[in-house]
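Undergrad: Just dropping this structure here.
The values are calculated or read from the model by the stated rules, or taken from the named source; none is laboratory data. Bear in mind the structure is a predicted one, so any value in this text is a computation, not a measurement. Glycine gets a Cβ as well: all are built from the backbone with ideal geometry, and neighbour counts include every protein chain shown. Accessible surface is based on the protein model in full, side chains and every heavy atom, while ligands, DNA and RNA are left aside. Shrake-Rupley method; radii C 1.70, N 1.55, O 1.52, S 1.80 Å.
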Amino acid sequence: QVQLVESGGGLVQPGGPLRLSCAASGSIVKSSRMAWYRQAPGKEHDLVATITQDGSTYYADAMKGRFTISSDNTKNTVYLQMNSLQHEVPAVYYCNEHPPLVNYWGQGTQVTVSA
């Protein structure tokens, strides 16, 4: 059974960076298109970024130029480098395949931007 464990969230000041990690059990990172999502309270999961097996990336418009998704197949880990965090509403960030699989949602990691 695949397990995805997100980490790296926290409280960050406006303009600051934050790096999220998603450790996966098994080898889905190198065999699947992976993605980061975020969920604000009372909202659906919104797609943030995706990365394919060959390293091709996609970003939601609001994240282009500020966020970078990457993966390390040797560590079965996906990363999300977030820079210039300014107007993001507090949200829980999750990784999953894209499209997401219901059984793969983990605990997520909370990100709050506040002075």
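Undergrad: Taking trypsin sites (Lys or Arg not before Pro) as candidate sites, keep only those in a DSSP loop with at most 11 other Cβ atoms within 10 Å, then name the longest stretch of the chain containing none of them.
TA: Excluding the exposed sites themselves, the longest stretch runs over 65-115.
Undergrad: If you don't mind, another one. Please work out the C-alpha center-to-center distance from the stretch 53-115 to the stretch 3-29 and express it in whole Å.
TA: 7 Å
Undergrad: What is the mean projected area of the alpha carbon convex hull for the stretch 64-112, to one decimal in square nanometres?
TA: The Cα convex hull of the stretch 64-112, projected and averaged over all directions, gives 4.4 nm².
Undergrad: Right, another one. If I histogram all Cα-Cα distances within the stretch 1-45 using bins 5 Å wide from 0, what percent of pairs lands in each bin?
TA: Reading upward from the zero bin: 5, 15, 21, 23, 19, 11, 5, 1.
Undergrad: On the Cα set of the stretch 30-103, report Rg and Dmax in Å, please.
TA: Expressed in Å, the Cα Rg and Dmax of the stretch 30-103 come to 12.1, 36.
Undergrad: Rounded to the nearest 500, what is the 222 nm mean residue ellipticity of the chain from helices alone, with -39500 (n - 2.57) per DSSP H run of 4+ residues and division by all residues?
TA: -500 deg cm²/dmol
Undergrad: Leaving out ligands and nucleic acids, and using a 1.4 Å probe, what accessible area per residue does the stretch 1-79 come to in Å²?
TA: 54 Å²
Undergrad: Which of these, GLY26, GLY55, GLY42, has the largest mean-square fluctuation under a Gaussian network model of the chain (Cα springs below 10 Å)?
TA: In this elastic network of the chain, the residue with the biggest mean-square fluctuation among GLY26, GLY55, GLY42 is GLY42.
Undergrad: Sticking with this structure for a sec: Using the Karplus curve 6.51 cos²θ - 1.76 cosθ + 1.60 with θ = phi - 60°, work out ³J(HN,Hα) for each residue of the stretch 86-103 in order, rounded to whole Hz, and write x for Gly and Pro.
TA: Those phi angles translate into 10, 9, 5, 6, x, 8, 9, 9, 10, 10, 5, 6, 10, x, x, 9, 4, 6 Hz.
Undergrad: Mean separation of Cα pairs under 8 Å and 6+ residues apart, divided by the residue count of the chain: what relative contact order is that in percent?
TA: Result for the chain is 37 percent.
Undergrad: So who's got an amide H within less than 5 Å of the one on GLY16, skipping anything under 5 residues away but keeping other chains? H placed 1.01 Å off N, in plane.
TA: Result for GLY16 returns LEU85.
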